[in-house]
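The values are calculated or read from the model by the stated rules, or taken from the named source; none is laboratory data. Because the structure is predicted, anything quoted here is derived from the model rather than measured. Glycine also receives a Cβ, built like all others from the backbone with ideal geometry; neighbour counts cover every protein chain displayed. Only protein heavy atoms, including side chains, enter the accessible area calculation; ligands, DNA and RNA are left aside. Shrake-Rupley method; radii C 1.70, N 1.55, O 1.52, S 1.80 Å.
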Amino acid sequence: MTSLPSRTGQGRSGTLPHSAFRERYLAVRALTLELVETLNEADAAAQSMPDASPAKWHLAHTTWFFETFLLRDQVPGYRLYDERWPFLFNSYYEAEGARLPRPDRGLLTRPTLAEVIDYRRRVDEAMVAVLPQLVERHGDLLELGIQHEQQHQELLLTDIKHLFALNPLGPVYRVKGEGEGPATAAPMHWIEGAQGRVDAGYDGPDFAFDNEQPMHSTWLAPHALASRPVTNGEWIEFMLDKGYETATLWLSDGLDWARREGVASPLYWRGEGREWEHFTLAGWLPVDPESPVTHISFYEAEAFAAWAGCRLPTEQEWEAAARDHDPGAGVQLDHAAPVMPRAEHGADRFTSLFGNVWEWTGSAYRPWPGFQTAPGAVGEYNGKFMSGQFVLKGGSCATPRGHLRASYRNFFHPHQRWQFTGLRLARSM
Ligand SMILES: [Fe+2]
């Protein structure tokens, strides 16, 4: 058993035995490969927009992370697979030097998919060979690499979805499984939240990112949160009531954005009135009015909340509500689109806090009091993005199992909506 102090500032590696680390490392690496099984060479190389990356790039970049920060930096005598490739597969680490501009990732017709898969295999072999010593000395960095790869598994899915949605043939990434039919959303009810002094942030023996730390006290005013996320059916009512055209519901930046981009429905929707289809990983499907709305921007979420006479939860309110819920309870990586699970009935129970849609909060993504970035390149992981973005909580149907916590902080710019983003209403009391 090993338990290590945090050197990366990204939390601790926990107390997993070496063999469990090896199993977890190999399982996570294998899942990434499974996600590209149905893609052809062209699917894997194309980039649909600057925010999205080609699947092949995700495969290589996650490998570059292990090769750079574990093998190159920590294993004496390791030789890079190809000295030209760090320029291609460094994402945003200034400390790692120059790199390919992000919008050019789709121009990488070479290396081929087979070469990138060979790169993964060789790095995995090198990693497994030295894993016991890495676990012993750099367990926190190793865990960071695994968590990083899980984050990219979700991005890989949302980026493929965006790419396929732009294809007039509407390709199917995966066939909709049995038993994935629409569920029935329970009527929404209000659940009173904790008030007064509460803890926020992570402090414990397991992994957490640096941006979740340190744990600190915060003060919550009286409030209530909705028992479940907003549904597609409720969003259609908002649209029928001219929610997109009613300027008084919108933030000024949001209205400018919606007008400039011609936004009048969630991303991937087509139709009118009460008849809508949306593009999913299983192709074009009818919009299920009972399932959570997804692929909406922060601006749209704010406008909806204003229309409903409510507001978005703060990050701290959401976290306090989620603290005693099971983060593994969601439908992660199982579904082509978010589906409302059978309601967990009871006046004090929330539905779908974890693993269905990322829920926009009204909180700016800023450091917790006492936050410190780690020395070196991995200090660039989260901290440098703390401007102009908003926090999302809970994870989505595309988030890998075992990756979420109540303190987990995702963040995106207010106009972005190609992730599985949704909302839950809140109100002050
Ligand atoms: Fe990354």
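Out of region 233-259, which residues are hydrophobic (A, V, I, L, M, F, W, C) and open to solvent by 10 Å² or more (accessible area, probe 1.4 Å)?
Across region 233-259, the qualifying residues are ILE236, MET239, LEU240, ALA247, LEU249, TRP250, LEU251, LEU255, TRP257.
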Can we say GLU67 is free of Cβ contacts under 8 Å to residues at least 12 places away in the same chain and not in a loop (DSSP other than H, G, I, E, B)? no
In region 70-87, how many residues are surrounded by fewer than 18 Cβ atoms within 10 Å (Cβ to Cβ) and touching a residue at least 12 places away in the same chain (Cβ under 8 Å)? 6
If only one of ARG401, ARG349, ARG366 is modelled with pLDDT of 95 or more and either surrounded by fewer than 19 Cβ atoms within 10 Å (Cβ to Cβ) or assigned to a loop (DSSP other than H, G, I, E, B) (or both), which one is it? ARG366
Name every residue in region 93-103 that is surrounded by 12 or more Cβ atoms within 10 Å (Cβ to Cβ) and out of contact with any Pro (no Cβ under 6 Å at 6 or more places or on another chain), in order of residue number. TYR93, GLU96, ARG99, LEU100
Of the residues in region 88-141, those that are in contact (Cβ under 8 Å) with a residue 40 or more places away in the chain and assigned to a loop (DSSP other than H, G, I, E, B) number 6
Looking at TRP250, TRP257, TRP219, TRP235 in this structure, which one is at pLDDT 95 or above and within 26 Å of VAL339 (Cβ to Cβ)? TRP235
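Test of understanding: among VAL230, VAL287, which residue is of a type in the set (A, V, I, L, M, F, W, C), under 18 Å from TRP358 (Cα atoms) and open to solvent by less than 30 Å² (accessible area, probe 1.4 Å)?
Values: VAL287 fails: under 18 Å from TRP358 (Cα atoms).
Sole residue among the options that is of a type in the set (A, V, I, L, M, F, W, C), under 18 Å from TRP358 (Cα atoms) and open to solvent by less than 30 Å² (accessible area, probe 1.4 Å): VAL230.
So how many residues does region 36-65 have that are within 16 Å of the ligand (Cβ to nearest atom) and open to solvent by less than 20 Å² (accessible area, probe 1.4 Å)? Spell out how you get there, then give the answer.
The initial filter retains those residues of region 36-65 that are within 16 Å of the ligand (Cβ to nearest atom), namely 47, 50-65.
Among the residues that remain, those that are also open to solvent by less than 20 Å² (accessible area, probe 1.4 Å) are: 52-65.
The qualifying residues number 14.
Could you please find all residues in region 66-91 being of a type in the set (A, V, I, L, M, F, W, C), within 13 Å of the ligand (Cβ to nearest atom) and farther than 29 Å from LEU166 by Cα?
Initially, region 66-91 is screened for residues of a type in the set (A, V, I, L, M, F, W, C), giving 66, 69-71, 75, 80, 85, 87-89.
Then drop every residue that is not within 13 Å of the ligand (Cβ to nearest atom), which leaves 66, 69, 89.
Residues satisfying the conditions are PHE66, PHE69.
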Of the residues that sit in region 370-398 and are surrounded by fewer than 22 Cβ atoms within 10 Å (Cβ to Cβ) and at pLDDT 95 or above, which one is farthest from SER48 (Cα to Cα)? GLY370
